[in-house]
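The values are calculated or read from the model by the stated rules, or taken from the named source; none is laboratory data. All figures in this text were calculated on a predicted structure; none of them were measured in a lab. Note: ideal-geometry Cβ built from the backbone for every residue, glycine included; neighbour counts use all protein chains shown.
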Amino acid sequence: MYVRTGTWEALIVAAVFGLILGAAPASAQEPDGAALYKQHCKACHGGKGVPSKQMLTIYPALKALADTGAFAKLPTDSLIAATRLGKGTTMKAFGDVLTSEQIAAITKYIKTL
């Protein structure tokens with residue numbers, strides 16, 4: 001049996017291979033630290049990293065973070081550990097909720113507050 005391959009067939013084959021190769025997953029995008037902070041941290045730590053008066057009344061330990069720029073002064077590894085493991089009895093641990101990459105993205109974001 002004779003099979004004729006012409007220009008159209010070659011183009012179709014090339015297009016199919018292009019679609020298959022083009023469907024490979026793109027490189028992973030870094031998590032959005034600002035969005036994650038808003039979702040998981042803002043309620044207690046405030047939108048700009050400064051706890052509200054109500055939160056300071058409920059959780060007096062947050063007074064150490066009542067300064068604008070307090071997060072920027074803390075060591076990155078301490079912020080990561082506190083986010084992952086929690087802090088004392090007031091801050092819950094997020095190690096089971098967030099990935100290491102998400103925690104790193106939050107830490108990177110809060111260093112800018």
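Overview of results
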quantity	calculated
Residue match in segment 20-31 (condition: within 30 Å of Leu98 (Cβ to Cβ), at pLDDT 80 or above and not acidic (Asp, Glu))	yes
Enumeration of residues in segment 80-104 that are closer than 23 Å to Asp67 by Cβ, in a helix (DSSP H, G or I) and in contact with a helix residue (DSSP H, G or I) (Cβ under 7 Å, 6 or more places away or on another chain)	Ile80, Thr83, Ile103
Residue ID - modelled with the lowest pLDDT, chosen from residues in segment 44-66 that are in contact with a helix residue (DSSP H, G or I) (Cβ under 8 Å, 6 or more places away or on another chain) and loosely packed, with under 13 Cβ neighbours inside 10 Å	Ala64
Residue match in segment 9-16 (condition: modelled with pLDDT under 95, over 14 Å from the mean Cα position of the chain (by Cα) and not in a helix (DSSP H, G or I))	no
Output for segment 88-103, where each listed residue is without any contact (Cβ under 8 Å) to a residue 60 or more places away in the chain and either of a type in the set (Phe, Trp, Tyr) or farther than 16 Å from Ala43 by Cα (or both)	Gly88, Thr89, Phe94, Gly95, Asp96, Val97, Ser100, Ile103
Identity of the residue in segment 81-112, surrounded by fewer than 17 Cβ atoms within 10 Å (Cβ to Cβ) and β-branched (Val, Ile, Thr), that ends up modelled with the lowest pLDDT	Thr89
